[in-house]
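Working notes for the structure below.
The values are calculated or read from the model by the stated rules, or taken from the named source; none is laboratory data. Source: prediction; values computed, not measured. Using ideal geometry, Cβ is built from the backbone for each residue, glycine included, and neighbour counts are taken over all protein chains shown.
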Amino acid sequence: MTNSIPDIMGEYVSETKRYVANGVQYQGYFEPHAVAPGQLTTLHIFLQNTLDVPVQIFCQIDLPKTGGFFGGGKPILQTETTTVQLELGPIEAGLVTMPALVGEATKAGDYSLTLTLKTKPNGKGKRLRPAEAQSHLERKFIDSPAGLDLISTMGATYTEQSIKKASFDLKIAGSPQPIARAPKLKMNYQKLWGQEDNELFDEAHRLVKSLQPKLKNDLTTEALYIVLYNESTSRFADAGLALRIGEAIILGKILTYSCQYFLSSPKRQNGLLVPIWERALDTNIDTGNPLQVMRSVGYNHILKLAIAMSFGLVARVAGRQLWSVEERQAVTQHIANNVTIGETTDDDFLYLPLMMGGALIAGRVELEGEKLSHSLALLQKAYQARPDLFADEDMSQAKKIYRTILTKAVEAAT
């Protein structure tokens, strides 16, 4: 199988099992997964056409019903429709979202919605995705790459399962909470990937490969640090969070360290660079100046990677991951989105996890003329100047962990 197209579904779905019907991979879930009677949830169905020809899609959805073991009674969910018909273009990936209202009288319990997917390719197509795959990203720092723009270049771990009906679970719990105004239950389809995206991806991949000598020469530790330090102070200030000197130094270090980690391995570097050069090509940014590309269109990607790696660094010190995948993904998206659009960002999200991860690796990013103990003293001073940091009771664990990390870092540097 040559010219295998990137895995797109894995960017949105952590589940390693993929259902398949005649060349179309699919998977789904409810968000939120647990909901009270009377409240709204949404069924997300991800589809990826692995063929180089269009495919007609027909989905039949069987809603869970009251009536216990024999499945009689009325549906517990109200939806706009129980059928979906659409056409996926060659190698197209997309997302069907279907809002569903839970009946107010629904009893608490675990329910399952079943989906039957029928497909009809337009002609005899060539398959461009394997039935199983293994990610090239090691789990040393990042245990769940979904949402980090890494899957297209580094792949996802999955196996296919060919079945006639797939089930998606929903938990009903809590007291009835009727919605004041009847919600719109409009089903929607969003195209996530197509042939034009694949062409852009291939072009970015070729360009990064051709720029290897220049990238190696330009993307040095010192050069990256200066660019990312300056960009961070500007972007966080625009997000209402002016960085103190110690925070800016440590943030520059964790961003630089994250870049170094990916650039240090031929297998990993495309995970850092290709998504950035894709954005540069898509927005007509001059790609001849690597540092400028990293600063302008690459900062968001680098920031997300640094957040994910910081969580991984903290987990290695703690001996276990302290926050769920969902919590970490939410924090990552929240910080990156706010900093990108200049939305106010709480200082808790600077320290959890970026200052934690940065303090842990501060000594691994060596800067000319720097005295590490002085940099950490500045970070300590910055922390002391934020008396309301981790003030909420549910942040007490984060506060304890950060203090431990900073104390050990300072001791090791003196």
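A count restricted to region 146-168 and to residues that are within 18 Å of Gln25 (Cβ to Cβ) and either in the same structural domain as Glu326 (by TED's automatic domain parsing) or charged (D, E, K, R) (or both) stands at 3.
Just one of Glu196, Glu203 is among the acidic types (Asp, Glu) and touching a Leu at 6+ places or on another chain (Cβ under 7 Å); which is it? It is Glu203.
Give Thr256, Thr287 a once-over and let me know the one that is touching a residue at least 40 places away in the same chain (Cβ under 8 Å) and either at positive phi or in a loop (DSSP other than H, G, I, E, B) (or both). Exactly one residue qualifies, and that residue is Thr287.
Just for region 338-377: of the residues that are of a type in the set (Val, Ile, Thr) and out of contact with any Leu (no Cβ under 6 Å at 6 or more places or on another chain), which one is farthest from Met395 (Cα to Cα)?
So in region 338-377, the residues of a type in the set (Val, Ile, Thr) come out as 339-341, 344-345, 361, 365.
Next, from what is left, pick out any that are out of contact with any Leu (no Cβ under 6 Å at 6 or more places or on another chain): 339-341, 344, 361, 365.
On the way: Val339: 22, Thr340: 25, Ile341: 26, Thr344: 19, Ile361: 23, Val365: 29 Å.
It comes out as Val365.
Among the residues of region 194-234, those identified as under 30 Å from Ile5 (Cβ atoms), of a type in the set (A, V, I, L, M) and part of a helix (DSSP H, G or I) are Leu200, Ala204, Leu207, Val208, Leu215. Beta carbons closer than 6 Å, at least 6 apart along the sequence or on distinct chains, pair a first residue in region 332-346 that is within 14 Å of Ala242 (Cβ to Cβ) with a second that is surrounded by 14 or more Cβ atoms within 10 Å (Cβ to Cβ) for Val339/Arg235; Val339/Ala239; Gly342/Asp238; Gly342/Ala239; Thr345/Ala239; Thr345/Leu241; Thr345/Asn338. Checking each residue in region 363-402 for being modelled with pLDDT of 95 or more, among the basic types (Lys, Arg) and assigned to a helix (DSSP H, G or I) picks out Arg364, Lys381. Any chance region 207-226 includes a residue that's modelled with pLDDT of 95 or more and within 30 Å of Pro54 (Cβ to Cβ)? Yes, because at least one residue in region 207-226 is modelled with pLDDT of 95 or more and within 30 Å of Pro54 (Cβ to Cβ).
Taking the conditions exactly as written (under 18 Å from Val293 (Cβ atoms) and over 19 Å from the mean Cα position of the chain (by Cα)), does Leu281 satisfy them or not? For Leu281, the condition - under 18 Å from Val293 (Cβ atoms) and over 19 Å from the mean Cα position of the chain (by Cα) - is met.
Checked against (1) of a type outside the set (A, V, I, L, M); (2) buried (at least 19 other Cβ atoms within 10 Å of the Cβ); (3) not in a helix (DSSP H, G or I), Gln321 passes all but a single condition, namely (2). Screening Thr407 with (1) among the polar types (S, T, N, Q); (2) within 24 Å of Gly240 (Cα to Cα); (3) part of a helix (DSSP H, G or I) gives one miss only, at (2). Does region 162-178 contain at least one residue that is modelled with pLDDT of 95 or more, more than 19 Å from Pro32 (Cβ to Cβ) and of a type outside the set (A, V, I, L, M, F, W, C)? No, every residue in region 162-178 fails to be modelled with pLDDT of 95 or more, more than 19 Å from Pro32 (Cβ to Cβ) and of a type outside the set (A, V, I, L, M, F, W, C).
Here Gln85 passes the criteria (1) at pLDDT below 95; (2) within 30 Å of Lys124 (Cβ to Cβ); (3) of a type outside the set (Lys, Arg) except the one numbered (1).
Do you know which of the residues in region 182-195 that are loosely packed, with under 12 Cβ neighbours inside 10 Å and at pLDDT 95 or above is nearest to Ile276 (Cα to Cα)? Step by step, filter region 182-195, then rank; the result is Gln190. The residue pairs whose first member lies in region 226-253 and is on the phi > 0 side of the Ramachandran plot, whose second member is of a type in the set (Ser, Thr, Tyr), and whose beta carbons are closer than 9 Å, counting only pairs six or more residues apart or on different chains, are Gly240/Thr344; Gly240/Thr345.
Answer yes or no: is there a residue in region 157-174 that is more than 30 Å from Leu47 (Cβ to Cβ), surrounded by fewer than 15 Cβ atoms within 10 Å (Cβ to Cβ) and of a type outside the set (Phe, Trp, Tyr).
Restricting attention to region 157-174, the residues satisfying the condition of being more than 30 Å from Leu47 (Cβ to Cβ) are 174.
Checking which are surrounded by fewer than 15 Cβ atoms within 10 Å (Cβ to Cβ) leaves us with 174.
Still in the running and of a type outside the set (Phe, Trp, Tyr): 174.
Yes, region 157-174 contains a residue that is more than 30 Å from Leu47 (Cβ to Cβ), surrounded by fewer than 15 Cβ atoms within 10 Å (Cβ to Cβ) and of a type outside the set (Phe, Trp, Tyr).
Which count do you get for residues in region 196-245 that are surrounded by 13 or more Cβ atoms within 10 Å (Cβ to Cβ) and within 17 Å of Leu281 (Cα to Cα)? Residues meeting the conditions: 12. Checked against the criterion of being part of a loop (DSSP other than H, G, I, E, B) and surrounded by 13 or more Cβ atoms within 10 Å (Cβ to Cβ), the candidates Ile142, Ile179 yield just one match: Ile142.
Under the condition of being in contact (Cβ under 8 Å) with a residue 12 or more places away in the chain and either over 24 Å from the mean Cα position of the chain (by Cα) or assigned by TED's automatic domain parsing to the domain that holds Ala100 (or both), which residue from region 204-216 is nearest to Thr106 (Cα to Cα)?
Residues of region 204-216 in contact (Cβ under 8 Å) with a residue 12 or more places away in the chain: 204-205, 207-208, 211, 214-215.
Still in the running and either over 24 Å from the mean Cα position of the chain (by Cα) or assigned by TED's automatic domain parsing to the domain that holds Ala100 (or both): 207, 211, 214-215.
Values: Leu207: 56, Leu211: 59, Lys214: 62, Leu215: 59 Å.
The qualifying residue nearest to Thr106 (Cα to Cα) is Leu207.
Of the residues Ala237, Ala242, which single one is of a type in the set (A, V, I, L, M, F, W, C), more than 20 Å from Asp143 (Cα to Cα), assigned to a loop (DSSP other than H, G, I, E, B) and in the same structural domain as Leu360 (by TED's automatic domain parsing)?
Working: Ala237 fails: assigned to a loop (DSSP other than H, G, I, E, B).
Of Ala237, Ala242, the one residue that is of a type in the set (A, V, I, L, M, F, W, C), more than 20 Å from Asp143 (Cα to Cα), assigned to a loop (DSSP other than H, G, I, E, B) and in the same structural domain as Leu360 (by TED's automatic domain parsing) is Ala242.
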